[in-house]
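Have a look at the structure below, then the notes.
Each reported figure results from applying straightforward, stated rules to the coordinates on display, with no laboratory input. Keep in mind that what you see is a predicted model, and the values were worked out from it rather than measured. Positions of Cβ are generated from backbone atoms using ideal geometry, with glycine treated the same way; all protein chains shown enter the neighbour counts.
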């Protein structure tokens with residue numbers, strides 16, 4: 001049982017880091033949104049979005065991760081990033 005508790009503790013620590021990184025990412029998204037607004041650039045740049053998604057899928061492949069999972073995660077992240085940018 002100690003092994004299970006230890007592994008769960010590791011998962012909790014990793015999850016905390018993931019949330020911290022998401023918060024950091026969204027703060028950068030806010031800065032991007034401000035710059036885009038100042039320069040009359042629309043929130044969605046389809047070319048950039050495709051580059052980001054492709055690079056994350058390729059990284060997932062190289063790490064042996066399920067690419068569909070990574071794609072879905074980044075689609076949600078992107079959806080909320082666009083919400084932030086549109087509010088600015």
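Distance from the alpha carbon centroid of the stretch 56-88 to that of the stretch 4-52 works out to 9 angstrom. Compute the Cα gyration tensor for the chain, then decide on rounded, prolate or oblate, letting a ≥ b ≥ c be the square roots of its eigenvalues: rounded whenever a/c is under 1.5, prolate when a/b is larger than b/c in the other cases, and oblate in all that remain. Since a/c reaches 1.5 but b/c is at least a/b, the shape of the chain is classed as oblate.
Within the stretch 11-41, which residues have the backbone N less than 16 Å from the label spot 7 Å out from residue 88 along Cα→beta-carbon, could you tell me? Of the residues in the stretch 11-41, 23-41 have backbone N under 16 Å from the label point off residue 88. The stretch between residue 54 and residue 77 holds 6.8 nm of extra length on full extension. This uses 0.36 nm per residue minus the Cα-Cα distance.
Full-extension gain between residue 30 and residue 10, please, as 0.36 nm times their residue separation minus the C-alpha to C-alpha distance. Let's see the in-between values first.
Values: separation 20, 0.36 × 20 = 7.20 nm, distance 3.06 nm.
Length difference between fully extended and current span is 4.1 nm.
Taking every C-alpha pair closer than 8 Å and separated by at least 6 residues, the mean separation divided by the residue count of the chain gives a relative contact order of 40 percent.
Protection proxy ranking for 31-42, 72-83, using the average of other Cβ atoms within 10 Å per residue and placing the highest first: 72-83, 31-42.
Expected output is a single nm value to one decimal: the length gained when fully extending between residue 68 and residue 45, i.e. 0.36 nm times separation in residues minus the C-alpha distance. What is it? Mind showing how you got there, number by number?
Working: separation 23, 0.36 × 23 = 8.28 nm, distance 2.20 nm.
Full-extension gain reported as 6.1 nm.
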